[in-house]
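Everything on this sheet refers to the single structure shown next.
Read-outs throughout are calculated quantities, based only on the coordinates presented, and are distinct from any laboratory measurement. Remember, predicted model here, so these are calculated numbers, not experimental data. A quick note on method: Cβ atoms are made from the backbone with ideal geometry, for glycine too, and the neighbour counts reach across all protein chains shown.
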Amino acid sequence: MVRLRFRRRWMGPKHGVARGTAVYGSASADDPDVLATLMSRCELLRVWSLEHGFQLDDDPESLALVDGHLDAWNADASHHGNVDLVNEVGAYLGSVIVAHVAGSTWAVWPNGHPVVRLLTGRDLDVIELVGQRTRHLGSNLASVFASARGVEE
């Protein structure tokens, strides 16, 4: 019985099954530059944004544009269960943070789940943060970015 309780405590977001997105591969998959390139693609989100009249330029100001259209994408039935929405926007948010917040990098938890590691050592699970935002339980994207920079909005 003790063994099961220990295992339950040990399992968690870092060690359980990766949610939404997982990064697996060779040893180079842990390289922050390789991860930055991989995670910055966000191809579905970029195509969708062009179809809706704006282009993503990986600039912090673009987060407000994405956030403003997030509810429309969330309501679009063609996004099966919104998993692609959460993954794409989470990857984009993370890419903007990595590009504009000094010392931040992509990291991979032991279960393969990508997160943004800030200079302070804190891990931001950007995919979960976007998931909370789409369920109207979390902060907007600009607030998450400001928090990563250490600025309160």
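Things worth noting here:
- Contour excess over end-to-end distance, with Cα ends at Arg122 and Glu43 and 0.36 nm allotted per residue: 25.7 nm
- Judged by the mean number of other Cβ atoms found within 10 Å, the most tightly packed of the peptides 119-127, 89-97, 67-75 leads the ranking 89-97, 119-127, 67-75.
- Note on Ala99 and Ala77: their simple-model spin labels are 3.5 nm apart, each label 7 Å out from Cα toward Cβ.
- Anisotropy class of the range 37-118 from Cα gyration tensor, a/c 1.5 cut: oblate
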